[in-house]
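Where a number appears in this text, it was derived from the coordinates with a stated rule and is not lab data. Everything quoted here is computed from the prediction, not taken from an experiment. Cβ: placed from backbone, ideal geometry, glycine included. Neighbour counts: every protein chain shown.
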Amino acid sequence: MEEKIIKFADDLFKAQVNGIPILPLTQTDPSLSVPDAYAIQLENVKRQLSLGQVVSGKKIGLTSEGIQKQLGVNEPDYGHLFKSMEYSLEVPFDRLLQPKIEAEVAFILKEDLQGGKVTPEDVLRATDYVVCAFEIVDSRVADWKIKLPDTIADNASSGCYVLGKKKVFLNQVDLSAVKMELYKNGEELVGKGTGAAVLGNPIYSVAWLANCLWNYGVVLKKGEVILSGAFSAAPKAERGDVFEAHFSTLGSVKASFI
């Protein structure tokens, strides 16, 4: 089993370095389980840390019905964020393989969140503030032909992220009611949704994440960025595209693929 975990982790790592996507892991091994997939993800997290990368937070994926339908899965997952993934506006397209873009809410924590019984109230207490954000998802699996174990093993299809500038405290906003419109190249509306699309409320999403992580010995830590899940399905991003998402109460966030 350990040999299989390391082999798949190597394959995904090489795909990122070489820029050449691989066949789905579940095609190579149809018996690949969700626990196997998280073990593969954590193997590559250890490798990144050994290379000097620094964890900046965590991400929740597959929270909205739109994203689940788009990728053919029926439950959320999670991945790790690294400081090298964060950009302020301009995203270098050449560091990505086949990117898509998601508009969501990022939580910045002022306390650790741990234990298997984290509640929404715990999330409220532990959150410093929230900002709107873009997560640019990416896949080391060819043509996004993924099942749940494929995306989990591939660090929940993480790519990079951009944070908005407006800081909002949770007592100032009902996240379930926040509305979002996503525009491509200044005029084309390519997505819209509300916070209710994210497991009913992004706060519930973060609580789910803290409890899921506890099963794998991973903690949400003070100062980390938590990307809580997409408000709508994720459009494809091409070189030269500019996306801007407008959120009620939370302001806007912009990303340019250079």
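Comparing mean-square fluctuations of Val173, Val118, Val225 from a GNM of the chain with C-alpha springs under 10 Å, the top value falls on Val173.
Computed over the range 104-182, relative contact order equals 32 percent, with contacts defined as Cα pairs under 8 Å that lie 6+ residues apart.
Put +1 on the Cβ of every Lys and Arg and -1 on every Asp and Glu Cβ in the chain; which of Gly251, Val206, Asn44 then has its Cα farthest towards the positive end of the dipole? Of the candidates, Gly251 comes out farthest on the positive side. Charges were assigned to the Cβ only: +1 to each Lys and Arg, -1 to each Asp and Glu. The resulting dipole of the chain about its Cα centre is roughly 380 debye.
Averaging the sequence gap over all C-alpha pairs within less than 8 Å and six or more residues apart, then dividing by the number of residues, gives the range 2-257 a relative contact order of 28 percent. Normalised by the number of residues in the range 1-135, the average gap of Cα pairs under 8 Å and 6 or more apart makes the relative contact order 18 percent. Taking 37 °C and 0.692 mPa s as conditions, the range 80-160 diffuses translationally at an estimated 224 µm²/s according to Stokes-Einstein applied to its Kirkwood radius (Cα pairs).
For Lys110, the lysines whose Cα comes closer than 16 Å to its Cα, not counting residues fewer than 8 places off in the same chain, are Lys58, Lys167, Lys221, Lys222. Here the extension length gained between Gln172 and Lys69 equals 33.9 nm, from 0.36 nm per residue of separation less the Cα-Cα distance. Within straight-line reach of Lys147, meaning a Cα separation under 16 Å, sit the following aspartates and glutamates at least 8 residues removed in sequence or on another chain: Asp29, Asp36, Glu65, Glu75, Asp77, Asp138. Counting only DSSP H runs of at least 4 residues, each contributing -39500 (n - 2.57), and dividing by the residue count of the chain, the helix-based mean residue ellipticity at 222 nm comes to -8000 deg cm²/dmol. In loop segments of the range 181-227 as defined by DSSP, the chymotrypsin sites (Phe, Trp or Tyr not before Pro) with at most 16 further C-beta atoms inside 10 Å of their C-beta are Tyr216. Taking a ≥ b ≥ c as the square roots of the Cα gyration tensor eigenvalues, the range 21-65 comes out oblate, since a/c reaches at least 1.5 and a/b does not exceed b/c.
The order of the peptides 11-18, 47-54, 238-245, 134-141 by mean Cβ neighbours within 10 Å, most packed first, is 134-141, 238-245, 11-18, 47-54. Sort the range 105-216 into rounded, prolate or oblate with this rule: let a ≥ b ≥ c be the square roots of the eigenvalues of the Cα gyration tensor; rounded if a/c is under 1.5, and if a/c is not under 1.5, prolate when a/b is larger than b/c, oblate otherwise. Oblate is the answer for the range 105-216, as a/c is 1.5 or above yet b/c matches or exceeds a/b. Excluding same-chain neighbours fewer than eight residues apart, the lysines reachable from Lys7 by a Cα-Cα span under 17 Å are Lys46. Placing dummy labels 7 Å off each Cα toward the beta-carbon, the span from Asn18 to Thr119 is 5.1 nm.
With the Cα gyration tensor of the range 186-239 giving a ≥ b ≥ c as the square roots of its eigenvalues, does the rule (a/c under 1.5 for rounded; else a/b larger than b/c for prolate; else oblate) give rounded, prolate or oblate? Prolate, because a/c is 1.5 or more and a/b exceeds b/c. For the listed peptides 36-45, 80-89, a ranking on the average number of other beta carbons within 10 Å per residue, highest first, reads 36-45, 80-89.
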